[in-house]
1. In the neighborhood of B:P190, defined by Cβ-to-Cβ distances under 11 Å, what is the net charge if each Lys or Arg adds +1 and each Asp or Glu adds -1?
2. With point charges of +1 on the Cβ of Lys and Arg and -1 on the Cβ of Asp and Glu, referenced to the Cα centre of segment A:47-181, which listed residue (A:L141, A:A54, A:L119) lies farthest in the positive direction of the dipole?
3. For helix B:2-40, report the angle its Cα long axis makes with the longest principal axis of the Cα atoms of chain B; keep it between 0 and 90° and round to the nearest 10°.
4. Assign one of three labels to segment B:58-168, namely rounded, prolate or oblate, based on the Cα gyration tensor with a ≥ b ≥ c the square roots of its eigenvalues; rounded applies when a/c is under 1.5, prolate when it is not and a/b is larger than b/c, and oblate otherwise.
5. Nearest 5 is fine: what % of DSSP beta bridges in the protein assembly as shown come out antiparallel, could you say?
6. Just to be sure I understand the curve: with the Debye formula and one point per C-alpha of the protein assembly as shown, what is log10 I(q)/I(0) at q = 0.07, 0.13, 0.14, 0.15 Å⁻¹?
7. As a test of the formula, what do you get for chain B when each DSSP H run with n ≥ 4 contributes -39,500 (n - 2.57) and the sum is divided by the residue count, at 222 nm and rounded to the nearest 500 deg cm²/dmol?
8. Can you tally the net charge around A:C131? Count Lys and Arg as +1, Asp and Glu as -1, for every other residue whose Cβ sits under 13 Å from the Cβ of A:C131.
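Where a number appears in this text, it was derived from the coordinates with a stated rule and is not lab data. Model, not experiment: these values are computed from the prediction. As a convention, Cβ positions derive from the backbone with ideal geometry for all residues, glycine included, and neighbour counts pool all protein chains shown.
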Amino acid sequence: MSVFFYSTLVSLLALVALAAAAGLLIYRLVRGPEASNLLGVRAIWLAWLVALVATGGSLIYSEVVHFTPCRLCWYQRIAMYPMAIVLLVGAIRRDFQTKFYALPLALIGLGISIYHYLLQRFPNLEATSSCDPNNPCSLVLVDIFNFISIPFMAGSGFIVIAVLLGFYVNKNSIEQETRVQ
Amino acid sequence: MSTRTASSKKQESNKKSLIYWILGGVVGLGLVVWLAIAIAGEGAVDESIAFGEVTVEGDDLPFLETGAADPAVGLTAPTVTGETFDGEQLTIAPDGNAKIVVLLAHWCPHCQAEVPLVQSWVESGGLPEGVDLYGVTVLTNRVRDGRTWPPQDWLESEGWTSPTIKDDQQSSIVNAYGMTGTPTYVVLGPDNENLGRISGEIGLGGLETLAELAAGSLES
């Protein structure tokens with residue numbers, strides 16, 4: 001299997017994840033708080049699966065394809081990798097507080113992904129207009145459909161995890177909220 | 001009694017659901033491992049075609065620090081001999097002409113932005129009489145950007161016409177000119193005296209300045 005085929009596969013996954021996140025957000029806007037009933041505890045399990053596949057996918061890039069992660073890639077990894085463990089533990093324990101640990105990681109990771117993506121598209125955002133020979137963050141290692149690069153994939157993962165965690169709500173609190181409204 | 005039955009049924013269903021999700025995770029991991037094995041099994045590519053044999057005679061210039069003035073102005077740059085894309089030998093040596101040597105990395109977005117500018121400047125006759133422009137492809141790395149690899153294909157697609165040599169895998173030319181970032185321009189006088197080096201995108205205005213510097217060394 002070629003690296004291009006693998007990247008295309010992962011890119012399609014990222015697009016599906018983004019579409020799903022958009023669909024869930026629209027559903028939430030239309031249905032209000034009771035939209036959270038749609039997934040129930042499945043929300044955190046799905047979020048865990050996304051974190052697990054994102055972690056594995058990123059390890060394939062560094063350990064099998066031999067892409068060297070740049071500084072910003074490492075920051076995104078720092079946000080993504082712990083979620084593969086934290087979300088699993090939270091899902092097994094059915095702990096509704098888990099999102100308070102995982103959501104900050106997802107949002108920080110998303111911020112870094114956005115900056116990294118912009119840096120790839122506009123390299124002059126960096127203070128210097130030359131490439132560091134070691135491993136510049138402006139380097140575009142993967143460019144599928146002319147717009148999907150690795151930070152785009154990571155950002156899609158962070159978005160879908162954040163949205164899924166937003167749907168992971170204790171049923172009792174939804175009922176309370178609906179009653180108040 | 002019925003409450004206990006309902007509770008144990010719920011527990012059983014929770015257990016089942018947990019097993020299904022864990023199985024889903026195992027399938028996800030299995031998919032990742034399968035992809036890893038499939039990619040690792042792909043045949044290796046001969047990357048040596050993007051490098052050439054290089055000889056350097058003379059002392060290397062000290063490394064150019066980012067943002068600092070060139071500490072090597074006035075020093076004599078070494079004579080560099082390398083291989084062109086056609087496999088011919090080309091020497092950048094004191095030959096009576098002034099020179100602008102531009103070191104380019106195919107994967108570097110700044111080099112990718114600068115190459116068309118340099119080419120259009122050359123085509124518009126920006127290079128003064130007695131000043132030659134040489135290219136050097138450095139730090140070639142297919143993994144970093146397969147689309148622009150090998151660099152000869154990339155430069156050809158940009159219509160690049162200036163004589164260009166390939167650095168070797170030990171980065172001998174990078175060391176010879178003391179390069180620390182790409183693109184790097186080295187301006188040499190007719191006797192190979194280093195008139196100045198600059199790293200980064202310089203645009204048309206910068207190219208004009210370098211050309212004036214090089215041409216000035218011919219007059220003195």
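1. Working: positive: B:K99; negative: B:D95, B:D132, B:D191, B:E193, B:E219.
Residues near B:P190 contribute -4 overall.
2. Selected residue: A:A54.
3. Helix B:2-40 and the main axis of chain B meet at about 30 degrees.
4. Numbers: a/c = 1.43, a/b = 1.25, b/c = 1.14.
Taking the square roots of the gyration eigenvalues as a ≥ b ≥ c, segment B:58-168 is rounded.
5. Details: 22 of 32 bridges.
The antiparallel fraction comes to roughly 70 percent.
6. -0.46, -1.03, -1.14, -1.25
7. Values: 5 runs with 83 residues, N = 220.
Result for chain B, helices only: -12500 deg cm²/dmol.
8. Working: positive: B:R144; negative: A:E126, A:D132, B:E114, B:D145, B:E201.
Charge balance near A:C131 sits at -4.
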